[in-house]
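Encoded as structure tokens, the structure appears first; notes follow it.
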Amino acid sequence: MANVFDTLKERGLLAQVTHEEKVREILGKEKVTFYIGFDATADSLHVGHFLQLMVMAHMQRAGHRPIVIIGGGTTMVGDPTGRTDMRKMLTREEIQKNADNFKKQISRFIDFSDGKALMLDNAEWLLKLNYIDFLREIGVHFSVNRMLTAECFKSRLERGLSFIEFNYMLMQSYDFLKLFQDYNCTFQLGGDDQWSNILGGIELIRRVEGKEAYGMTFTLLTTSEGKKMGKTEKGALWLDAEKTSPYEFYQYWRNVHDADVIKCLKLITFLPLEQIEDLAKLKDEKINEAKKVLAYEVTKLVHGEEEAIKAQKAAEALFEKGGNAKDMPTSEISSRELEGGINILDLLLLSKIIPSKAEGRRLISQGGLYINDRRIETIDTVFHREDFSENGLMVRKGKKTYHKIMLKDE
């Protein structure tokens with residue numbers, strides 16, 4: 001079996017590694033326990049977490065044991081990494097609800113049967129800590145001067161860094177120490193923005209236990225222009241089907257820029273590199289075939305094969321056959337809303353097709369809105385009940401975004 005270190009490197013997943021030669025040797029000879037943490041700041045994971053789920057799956061397939069840490073404790077403090085302001089403070093109940101959703105989503109990627117992986121909540125030990133004891137036993141090992149040179153803090157110093165956030169690195173480092181002591185966990189993995197926090201944990205283990213631990217970080221999912229992927233008009237690209245439908249999810253990957261297709265195939269699918277290299281040979285219009293493969297494979301991983309096939313068929317019906325499709329994103333509005341007619345901007349806003357009326361005005365002024373294949377020329381357009389067929393209204397934004405509005409009698 002290939003060394004998983006080589007697999008991660010060949011697919012472009014690795015960003016930074018402590019003791020690279022040693023890490024490669026260990027991963028090739030031993031079965032290690034490693035962990036990745038997820039703070040429960042929202043009620044769903046998003047595509048930004050997807051790379052880390054893929055890395056965990058690659059590692060587990062190679063025989064290594066993942067520990068998934070749900071940050072029930074660290075979420076109460078808030079990671080300042082990549083933030084220009086302080087995170088919203090969540091209640092314990094909100095965090096627990098988010099954590100429960102995370103567990104369901106992660107279980108699609110990781111096999112937790114028979115101890116092959118563990119899922120733990122760091123609230124189990126962090127919320128029980130005595131602050132004075134923690135400062136004496138853990139805080140004593142951290143240099144404030146060194147902490148202030150970390151990227152996660154440097155970017156916040158000008159705008160202001162709260163003391164509660166300053167504790168975050170200590171808490172994440174303590175997580176690593178706790179897992180090292182209780183589960184023989186010797187590796188911490190994470191996105192490249194977690195490098196400083198990972199180094200903090202490695203140094204803490206060295207000081208407290210006098211032993212070596214290791215860290216690896218992974219490239220962030222960005223476009224060829226360096227922008228983070230996963231942003232849509234509605235916000236983040238979520239892994240929860242209720243927040244981002246499988247069809248919308250499929251369409252996002254179907255429409256990625258030509259320059260990003262092959263990189264995404266390597267990073268977020270399990271397709272063999274030989275097959276990806278064949279797809280890389282496609283040029284011009286034929287690159288769309290690679291995009292279809294990407295969209296199908298990623299949607300299958302996140303939402304299952306059945307939903308991936310539905311999304312694929314819906315897209316084909318729209319783009320290749322010019323037909324309708326029952327699986328596209330659909331909204332319902334009450335017939336009461338149509339009494340006396342409804343303005344196009346109100347209709348789009350009510351159906352959550354646009355985030356604001358300003359966006360609707362821009363869309364119409366640029367000629368980018370079609371209803372039932374008819375371009376909407378003015379914001380004064382009004383729709384009545386008789387405009388709705390039994391198939392509803394077909395809305396198209398630009399060239400590629402479709403949405404159906406159905407009428408609900410009340």
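The values are calculated or read from the model by the stated rules, or taken from the named source; none is laboratory data. Keep in mind it's a predicted model, so treat the numbers as computed, not measured. Backbone-built Cβ (ideal geometry, glycine too); neighbour counts: all protein chains shown.
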Within the range 93-141, restricting attention to residues that are in a loop (DSSP other than H, G, I, E, B), surrounded by fewer than 16 Cβ atoms within 10 Å (Cβ to Cβ) and not polar (S, T, N, Q), which residue is nearest to the chain's Cα centre (by Cα)?
Arg108
Is it the case, given these coordinates, that Gly73 is among the small types (Gly, Ala, Ser), surrounded by fewer than 19 Cβ atoms within 10 Å (Cβ to Cβ) and either in contact with a helix residue (DSSP H, G or I) (Cβ under 8 Å, 6 or more places away or on another chain) or at pLDDT below 80 (or both)?
no
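Considering each of Ile198, Ile268, Ile262 in turn, give the residue that is among the hydrophobic types (A, V, I, L, M, F, W, C) and either at pLDDT below 90 or in the same structural domain as Ala117 (by TED's automatic domain parsing) (or both). Full working, then the answer.
Numbers: Ile268 fails: either at pLDDT below 90 or in the same structural domain as Ala117 (by TED's automatic domain parsing) (or both); Ile262 fails: either at pLDDT below 90 or in the same structural domain as Ala117 (by TED's automatic domain parsing) (or both).
Exactly one residue qualifies, and that residue is Ile198.
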All but one of (1) in the same structural domain as Leu8 (by TED's automatic domain parsing); (2) surrounded by 14 or more Cβ atoms within 10 Å (Cβ to Cβ) hold for Asp240, so report the exception by its number.
(1)
Note on the range 188-232: residues within 17 Å of His58 (Cβ to Cβ) and surrounded by 18 or more Cβ atoms within 10 Å (Cβ to Cβ) are Gln188, Leu189, Gly190, Gly191, Tyr214, Gly215, Met216, Thr217, Phe218, Leu221
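Residue under question is Gly48, and the condition is that it be under 17 Å from the mean Cα position of the chain (by Cα), farther than 23 Å from Leu267 by Cβ and not hydroxyl-bearing (Ser, Thr, Tyr); does it hold?
Numbers: under 17 Å from the mean Cα position of the chain (by Cα): yes; farther than 23 Å from Leu267 by Cβ: no; not hydroxyl-bearing (Ser, Thr, Tyr): yes.
When the stated conditions are applied, Gly48 does not pass them.
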Between a first residue in the range 211-232 that is closer than 12 Å to Ala259 by Cβ and free of Cβ contacts under 8 Å to residues at least 60 places away in the same chain and a second residue that is surrounded by 15 or more Cβ atoms within 10 Å (Cβ to Cβ) and of a type outside the set (A, V, I, L, M, F, W, C), which pairs have beta carbons less than 6 Å apart while being 6 or more apart in sequence or on different chains?
Thr223/Asp260; Ser224/Asp260
Looking only at the range 15-48, how many residues end up being out of contact with any Ser or Thr (no Cβ under 7 Å at 6 or more places or on another chain) and either surrounded by fewer than 20 Cβ atoms within 10 Å (Cβ to Cβ) or free of Cβ contacts under 8 Å to residues at least 60 places away in the same chain (or both)?
20
Evaluation of Leu273 against (1) aliphatic (A, V, I, L, M); (2) outside the structural domain of Met56 (by TED's automatic domain parsing); (3) buried (at least 16 other Cβ atoms within 10 Å of the Cβ) (one fails), failing number:
(3)
